[in-house]
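Following: one structure in structure tokens, then a few remarks.
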Amino acid sequence: MRRTVPLLTFTAVLALGLSACVPQPSPEPTEAASPTPAFTPSEKPTPTVSPTADAAAPASDAVLIVSLDSASIAAGSTLEYSLNSVDAWTAALGTAPTQSAVEGPYGGTLELTALTWPGFTVNVPNDGSPRGATVRVTTPTVSGHPVVTTGGIGVGSTRAEAVAAGATEGFDSTALRLDTRDVPGTQSLQRPGEVGREYVMLVLDGDAVTQLILPANDYSDI
């Protein structure tokens, strides 16, 4: 027994020494879970479109204003009642007029050319001058453009609207007058001894405007 105990002790010590010399596998690194970033959609700015200075308005939004001396379809524009302005009228309205000779009241033809769009006619002198030109409007629009006087009156307006815009009675209740002005060198047939006048004539059917004629006057018997 005296020899056994030391032998067991030696064996245990040897086992511990060998165990210390055997390399132990290092633990596998643990991947730390990286936090998933929250997705925040970036807001793209809405582009701002600035209208260009030369952007053309749609035809349906461009109003044709007729007056005694000329017409206009945009700020600062002028459309003359002249044979020389056919191209300008075509560009402004988007369609070309038909052209024809104007028949005289007693037969034959006058030195005038009719520039005609559906419901809208401009009779102009053949020499290119605007003097003596006349306009007749029988429709609320021409080529999609509303047609009105400087006071905003057009075919389809009411008598009350015309009077509110400054219209006065004509020869009888079937017509009203707008934008009346004196014409020096003429004599009125309606007001003997007084100077003649010209104006925009509003022809009515009942209380509705059916035609615009300009310039009409009270000194001519034709």
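What's the total number of residues in the stretch 144-192 that are in contact with a helix residue (DSSP H, G or I) (Cβ under 9 Å, 6 or more places away or on another chain), assigned to a loop (DSSP other than H, G, I, E, B) and among the hydrophobic types (A, V, I, L, M, F, W, C)?
The qualifying residues number 2.
Matching residues to (1) open to solvent by less than 50 Å² (accessible area, probe 1.4 Å); (2) under 19 Å from Val135 (Cβ atoms); (3) touching a residue at least 12 places away in the same chain (Cβ under 8 Å); (4) touching a strand residue (DSSP E or B) at 6+ places or on another chain (Cβ under 6 Å):
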position	(1), (2), (3), (4)
Ala164	no, no, no, no
Gly170	yes, yes, yes, yes
Leu176	yes, yes, yes, yes
Thr180	no, yes, yes, yes
Val183	yes, yes, yes, yes
Leu189	no, no, yes, no
Gly193	no, no, no, no
Arg197	no, yes, yes, yes
Leu204	yes, yes, yes, no
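Being of a type in the set (S, T, N, Q) and more than 32 Å from the chain's Cα centre (by Cα) narrows it down to one residue among Thr138, Thr109; which is it?
Values: Thr138 fails: more than 32 Å from the chain's Cα centre (by Cα).
It is Thr109.
Suppose we filter Leu110, Leu64, Leu93 for residues that are in contact with a strand residue (DSSP E or B) (Cβ under 6 Å, 6 or more places away or on another chain), open to solvent by less than 50 Å² (accessible area, probe 1.4 Å) and not hydroxyl-bearing (Ser, Thr, Tyr); which single one remains?
Working: Leu110 fails: open to solvent by less than 50 Å² (accessible area, probe 1.4 Å); Leu93 fails: in contact with a strand residue (DSSP E or B) (Cβ under 6 Å, 6 or more places away or on another chain).
That would be Leu64, the only listed residue that is in contact with a strand residue (DSSP E or B) (Cβ under 6 Å, 6 or more places away or on another chain), open to solvent by less than 50 Å² (accessible area, probe 1.4 Å) and not hydroxyl-bearing (Ser, Thr, Tyr).
The values are calculated or read from the model by the stated rules, or taken from the named source; none is laboratory data. This is a predicted model, so every value here is computed, not measured. When we count neighbours, we look across all protein chains shown, and the Cβ atoms used for this are built from the backbone with ideal geometry, even at glycine. Just so you know, the surface numbers come from the protein's heavy atoms only, side chains and all, with ligands and any DNA or RNA stripped out. Shrake-Rupley method; radii C 1.70, N 1.55, O 1.52, S 1.80 Å.
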